[in-house]
Amino acid sequence: MKRLTRIGILITVIGASLLLITILRSSFPETTISVGGKDTAPGRWDLYQDLLFSPRTLRLEVNSNVTADAFVLDQNGIKLWTSTETISSIASLTGVKQEFVTTKIGERGAYGILIHNASNEPGTVKAIVTLYGLEEDLVYSSITIIAIGLITFIGSLAASVWKKEKQT
Amino acid sequence: MGFLINTNNIVKAFGNSIVLDKLNLQVPKGISGFVGRNGSGKTTTIGVLLGLLKPQGGEATIFGLDCWHNSFEIRKKIGVMHEITAYPESFTSIRFLEHVAGFYGRTNPRQKAMEALREVGLFGAKSKPIKTFSAGMFKRLGLAQALIGEPELVILDEPTANIDPSGRSSLLNKIVELHKEQDISFFITTHMLSDLEKICEWLSIIEEGKIVDQGYVKDLAQRYSANLFKIEVTQPHQFIEKLKTMKLVKNARIEGDFVYCKVHNPDEFYVELPRIATQLKLQLKGFQRVVGTIEEIYEEIIDEK
Amino acid sequence: MKSEHNNFFRLILWELQEYLNFPMLEILVFVVLYSVLNQPTVVISYSMSYNNLRFGIRDITFFMTLGVGALVSRSFGSSISKGEIKTLLSYPLKRGQIFASKFTALFMVFVCTYTAAFSVQIYLMRLNFFEPMFYISVLGMALQLLLMCSLTTIIVLLTKNEVISIFASALLLYGIENVVNPSSFSSFVGRFNAIFSYFGKITHETLPVGIGTEYTLNDAVLAMSIPLAISALLLVIGAIYFVRIMEVD
């Protein structure tokens, strides 16, 4: 087998393996993080940062006995909040007690959850974040690798056929 | 006389089975044959000579070097074609021979590989995987890898097994050509005696792990086929029927117009022959002693031993 | 001497071309990627994400056992049983060269494949490229690979049979892991945890997540020395057998 053909097959196998693994990884139990707690003082803001999120579908759920706000912040949002207390979030729930919202995480990295007791009384304010579905970065990477592999493989085969025809 | 291969009382056993029983093999320069029945110890002898098997007793040398302790030095100067070969089947022939040329330290292994393929008539198949080769091509590849190191001695274990007659003839002619042009010595083991007929100068015969006899073919022929006669007579069929009844005659056959017969006692046969012809009222046109074939020499030796 | 070095590298190339021909390398790559990457993310903390390198190590060991057993047995076993060793020993090659090149080629392939697969974790866990725990994990895996390759080599040299040695090495390696206490140094998991814990404490000033015991330098050294020492012993025995004793017929 020609070297380039073999390289093409190997690259395709790597990409296909990665795609299969990505599908299998999505079948693991959903990643769930619960933040917040009892007796949150009225008007209190709590930031839970240093959370590793992969680019999957995110579900933000507020579970509170008082009116609460919850926000999912990316790195820039965290910096903005810590420096200027300005909120720039990728997902938010405001003035809710039991509510949820979904969004897609764009990039793998560090994220934070900001929760706020928006009422005048202390209460239990909890935010639950669940990540599920395929990791999109892995899906795109594996498809790209498969494409590169197939192009290399088919190109090599085409080149040998052309070379054989030229000889005859 | 200096011998290329010399063994002195080699003993080799596998468990309780003694395969080589004080083997004393000598092989000079030239094309030598090593013949024996299946299971007589030929391949085991090759294993000992190549340093693959350690003998329990005795010593074996090639070029004066011990076969077990100096195997590496010996292998720099020899080429080998085993009976059952295991070449990497996924390799193409050119890649395989390039590696082999590299092992022998050749400076331009790829070029050497191309030359070797040309030498054995496989250049057109250089990019084919070895697993697609026919039996004949396999043997030629075997010869190519045995020759690529420019050896002084090539050991061929059953080189003509499993190939067709034209392939065998071509391989044997190649051996003769290489010996004449490049002064390479060959040590050929085989149980097909007819293959050695035209090419062999020295013959060693092994039986049950022992050398029963060895020497130059012409000397062996003198010793062992002196009792062969070629007789021209009218009515050869009638004549041969009579011969076969005589205790003096070992065997007899008709070839063309001649009767060939092997006798126990040639002097007695000289006296009896004209008397038989007269008795049968046949005309004895002529008779002479002839040199036997290697096959006949071998059978004679085995019968005697 | 130069020619001997060249022959060593040429033999490694021979080994790679012969035993990693299609589809062996492809199967190996798939198995390695699957065992290394098909793991859930346990630790969500971004700054502690290096801890995920430790989880799933048991599954990696299972597939490692099968992969090493199969490839090493195939390489040594089939080359003895099919006669390739006999062919190689017709050329001016030293037995030691053949043994060393086979082992080196196989070990290199495993280390490179596992390291490459493991390095995907750098991206998945958003680790710093110079994260020391990544390299410590690779070291731990390499030591285990060395042990597995050595053990399988000995088994196949003794049995001279590809199939028997695959089963025997898989049974032995996987059996040991399941019989012994996973926190003891007889187990790969125990040794890996000790190395991970000690170096984790040094580099991150905190015990890794899920490890309650604080391991000392002696523990870490012992955990690294055990596979090294056993591998060295097995390789010496294997080499002596291959070079001085083994008959090829």
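The values are calculated or read from the model by the stated rules, or taken from the named source; none is laboratory data. If you're wondering where the values come from, they're calculated on a predicted model, not measured in any experiment. Positions of Cβ are backbone-derived with ideal geometry, glycine not excepted, and every protein chain shown enters the neighbour counts.
Numbers below:
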quantity	calculated
Number of positions in segment A:87-111 that are free of Cβ contacts under 8 Å to residues at least 40 places away in the same chain and not hydrophobic (A, V, I, L, M, F, W, C)	8
Condition broken by residue A:158, with the remaining ones in (1) part of a helix (DSSP H, G or I); (2) more than 15 Å from the chain's Cα centre (by Cα); (3) touching a residue at least 40 places away in the same chain (Cβ under 8 Å) satisfied	(3)
Scope segment B:110-163; condition within 11 Å of another protein chain (Cβ to nearest Cβ), small (Gly, Ala, Ser) and not in a helix (DSSP H, G or I); matching residues	B:127, B:149
Single residue of A:52, A:10, A:18, A:24 found to be in a strand (DSSP E or B), within 10 Å of another protein chain (Cβ to nearest Cβ) and of a type in the set (A, V, I, L, M)	A:52
Single unsatisfied condition, residue A:115 versus (1) at negative phi; (2) without any contact (Cβ under 8 Å) to a residue 60 or more places away in the chain	(2)
Condition met for residue C:241 (of a type outside the set (Val, Ile, Thr) and without any contact (Cβ under 8 Å) to a residue 60 or more places away in the chain)	no
Members of segment C:30-59 that are of a type in the set (A, V, I, L, M, F, W, C) and either closer than 29 Å to residue A:33 by Cα or part of a loop (DSSP other than H, G, I, E, B) (or both)	C:33, C:36, C:37, C:42, C:43, C:44, C:48, C:53, C:55, C:57
Pair list, Cβ under 7 Å, 6 or more apart: segment C:105-132 residue away from chain A (no Cβ under 11 Å) and farther than 17 Å from residue C:43 by Cβ, other residue outside any helix (DSSP H, G or I) and modelled with pLDDT under 95	C:109/C:20
Residue pairs meeting the criteria (Cβ under 9 Å; at least 6 apart or on separate chains; first among the small types (Gly, Ala, Ser), in segment C:84-95; second surrounded by 20 or more Cβ atoms within 10 Å (Cβ to Cβ) and assigned to a loop (DSSP other than H, G, I, E, B))	C:90/B:50; C:90/B:52; C:90/B:82
Yes/no for residue A:105 being of a type in the set (A, V, I, L, M) and closer than 24 Å to residue A:29 by Cα	yes
Subset of segment A:73-104 [aliphatic (A, V, I, L, M) and assigned to a strand (DSSP E or B)]	A:73, A:91, A:93, A:96, A:101
Whichever residue in segment A:32-49 is farther than 28 Å from residue C:50 by Cβ and assigned to a strand (DSSP E or B) and, among such residues, is farthest from the other protein chains (Cβ to nearest Cβ)	A:39
Hits in segment B:264-295 (condition: free of Cβ contacts under 8 Å to residues at least 60 places away in the same chain, surrounded by 14 or more Cβ atoms within 10 Å (Cβ to Cβ), outside any strand (DSSP E or B) and not small (Gly, Ala, Ser))	B:266, B:269, B:272, B:273, B:276, B:280, B:282
Residue match in segment C:60-81 (condition: within 14 Å of chain B (Cβ to nearest Cβ), more than 30 Å from residue C:200 (Cα to Cα) and in a loop (DSSP other than H, G, I, E, B))	no
Extreme residue, nearest to residue C:74 (Cα to Cα), among residues of segment C:1-23 that are more than 10 Å from chain B (Cβ to nearest Cβ) and among the hydrophobic types (A, V, I, L, M, F, W, C)	C:16
Members of segment C:84-101 found to be within 13 Å of chain B (Cβ to nearest Cβ) and either of a type in the set (Lys, Arg) or in a helix (DSSP H, G or I) (or both), listed by number	C:84, C:85, C:86, C:87, C:88, C:94, C:95, C:96, C:97, C:98, C:101
Some residue of segment C:152-166 being surrounded by 15 or more Cβ atoms within 10 Å (Cβ to Cβ), more than 14 Å from chain A (Cβ to nearest Cβ) and within 13 Å of the chain's Cα centre (by Cα)	yes
Residue within segment B:140-160 that is crowded, with 19+ Cβ neighbours inside 10 Å, touching a His at 6+ places or on another chain (Cβ under 7 Å) and over 30 Å from residue B:290 (Cα atoms) present	yes
Filtered residue count, segment C:237-249, keeping only those that are in a helix (DSSP H, G or I), among the aliphatic types (A, V, I, L, M) and surrounded by 14 or more Cβ atoms within 10 Å (Cβ to Cβ)	3
Residue in segment A:87-102 that is of a type outside the set (Lys, Arg) and under 10 Å from the mean Cα position of the chain (by Cα) present	no
Which numbered condition residue A:62 fails, given (1) at pLDDT below 90; (2) more than 17 Å from the chain's Cα centre (by Cα); (3) surrounded by 15 or more Cβ atoms within 10 Å (Cβ to Cβ); (4) aliphatic (A, V, I, L, M)	(1)
